[in-house]
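First up is the structure itself, then whatever we jot down about it.
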Amino acid sequence: MRGKVARVIRDKGFGFIKGEDGREYFFHMSQLQEGISILNIEENKTEVEFTPTQSNKGPRAEEIYGV
């Protein structure tokens, strides 16, 4: 799935991606793959491709790649 990073909390290492389905997906920086870094993400600008999953806390993004 594709989406844009909606919010990023760098000092905590996580953020949220607004998916093309309109849902918001939590992500942890450990899921960022080669070519994308928590340091170069721009809110509402950085486009990503990710695997949507469901955790016990809600929608989650895994295997995140920059587009």
Next on the checklist: Please list, ordered by chain and number, the residues whose modelled amide H lies under 5 Å from the amide H of T46; skip anything fewer than 5 residues away on the same chain.
Outcome noted: V5
Next on the checklist: Could you derive backbone 3J(HN,Hα) for the range 17-25 from the dihedral phi with the Karplus parameters 6.51, -1.76 and 1.60 (θ = phi - 60°), listing whole Hz in sequence and x where the residue is Gly or Pro?
Outcome noted: 10, 8, x, 5, 8, x, 8, 9, 10
Checklist outcome for this item: For the pair Y65 and E34, the simple spin-label estimate (label points 7 Å beyond Cα toward Cβ) gives in nm 1.1
Item to check | the chain: chymotrypsin sites (Phe, Trp or Tyr not before Pro) falling in loop per DSSP and having at most 10 other Cβ within 10 Å | outcome: none
Checklist entry - Hey, fewest Cβ within 10 Å first, where do I64, I17, I9, I36 land in order? => result I9, I36, I64, I17
Checklist entry - If you add up the charges near R7, with Lys and Arg at +1 and Asp and Glu at -1, over every other residue whose beta carbon is less than 10 angstrom from its beta carbon, what do you get? => result -1
Checklist entry - For the chain, how many pairs of lysine residues have a Cα-Cα distance under 18 Å, where the two are 8 or more positions apart or belong to different chains? => result 5
Item to check | Cα lying deepest toward the dipole's positive end in the range 2-66, options Q31, I41, F16, charges on Cβ | outcome: F16
Checklist entry - So between R7 and R23, what do we pick up on full extension, going 0.36 nm a residue minus the alpha carbon distance? => result 4.4 nm
Checklist entry - If you keep only loop residues by DSSP, which GluC sites (Glu not before Pro) in the chain have at most 15 other Cβ atoms within 10 Å of their Cβ? => result E20, E34, E42, E43
Item to check | Size of charge dipole - the chain - debye, nearest 20, with Cβ of Lys, Arg +1 and Asp, Glu -1, no other charges | outcome: 260
Checklist outcome for this item: per DSSP, antiparallel bridges as share of beta bridges in the chain, % nearest 5, sits at 90
Item to check | Cα-Cα P(r), the chain, percent of pairs per 10 Å interval | outcome: 24, 64, 12
Checklist outcome for this item: Relative contact order in percent for the range 2-66 (Cα pairs under 8 Å, 6+ apart) equals 35
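Since every read-out is calculated from the coordinates, none of them should be taken as a lab result. Note that the structure is a prediction, hence the values are computed from the model and not measured. Every residue, glycine among them, receives a Cβ derived from its backbone with ideal geometry; neighbour counts consider all protein chains shown.
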